[in-house]
Amino acid sequence: MKPKRPRKSARSKRPASKRPGRASTRAPRDPLLARMADADHRVIGGVSIDTTRTANGRVKRVCYPPGFRWSTHMKPIVSTPLCMHAHVGFLARGRVRGTYADGCAFDLTAPRAVVIEPGHDAWVVGKDAAVLIEFDTESRTAAHFGLPESHRHV
Ligand SMILES: [Zn+2]
């Protein structure tokens, strides 16, 4: 006895010209990773950075790949002992751990708002890239958000 062939759906018999739009048959683009038409795109130390000027500051989408560690991949490029950026924003995907010079540590898992003071090392934990949407005012970011120039306890 011949095995029954699975019935083709009515849709697949239609000529291509009468099929619904392509977009509906494809997986939707992930807006968290898709190309941004209006952003300045750079890759530095394996980190993908899309920057958009907004109001008097910038909005950045920063994608840190799995295995990324600031002290390994970025320190040789930046040549400061620790990352001296203030990071304020929303961790949309992934997990990031880090330490400050005095031994204080952070462990951040998406989804959550994040504030990381200047003067840290940080690395991606797990198999997923970490995607951070951050707000900055370039060199004035720490002062703008009321953070110290470098992590400390008052
Ligand atoms: Zn501390």
Of Ala92, Thr72, Ala34, which is farthest on the positive side of the dipole of segment 24-154, counting Cα position, with +1 on Lys and Arg Cβ, -1 on Asp and Glu Cβ, and the Cα centre as origin?
Ala34
What would the Debye equation give as log₁₀ I(q)/I(0) for segment 27-74 at q = 0.27, 0.28 Å⁻¹, counting only Cα atoms as equal point scatterers?
-1.03, -1.05
Each residue of segment 50-67 in order: what ³J(HN,Hα) in whole Hz does its phi give by Karplus 6.51 cos²θ - 1.76 cosθ + 1.60, θ = phi - 60°, with x for Gly and Pro?
10, 10, 10, 6, 9, 6, 9, x, 9, 10, 10, 9, 10, 10, 9, x, x, x
Which whole-number value in Å² is the accessible area per residue of segment 97-150, probe 1.4 Å?
51 Å²
About the Cα centre, charge dipole magnitude for segment 80-154 (Lys/Arg +1, Asp/Glu -1 at Cβ), debye
260 debye
Distance in nm between pseudo-label sites at Arg29 and Asp107 (7 Å out along the Cβ direction from Cα)
3.7 nm
With θ set to phi - 60° and the Karplus curve 6.51 cos²θ - 1.76 cosθ + 1.60, what are the ³J(HN,Hα) couplings of segment 130-140 in order, to the nearest whole Hz, using x for Gly and Pro?
9, 10, 10, 9, 10, 10, 8, 10, 6, 5, 9
Name the long-range amide H neighbours of Gly67: under 5 Å, sequence gap of 5 or more, or other chain; modelled H, no Pro or chain starts.
Val124
Using θ = phi - 60° and the Karplus relation 6.51 cos²θ - 1.76 cosθ + 1.60, list the HN-Hα couplings for segment 103-111 in order, rounded to whole Hz, with x at every Gly or Pro.
x, 4, 10, 9, 9, 10, 10, 5, x
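The values are calculated or read from the model by the stated rules, or taken from the named source; none is laboratory data. Here the structure is a predicted model, which means the values were calculated and not measured. Note that we place each Cβ from the backbone using ideal geometry, even for glycine, and neighbour counts take in every protein chain shown. Note: areas computed on protein heavy atoms with side chains; ligands, DNA, RNA excluded. Shrake-Rupley method; radii C 1.70, N 1.55, O 1.52, S 1.80 Å.
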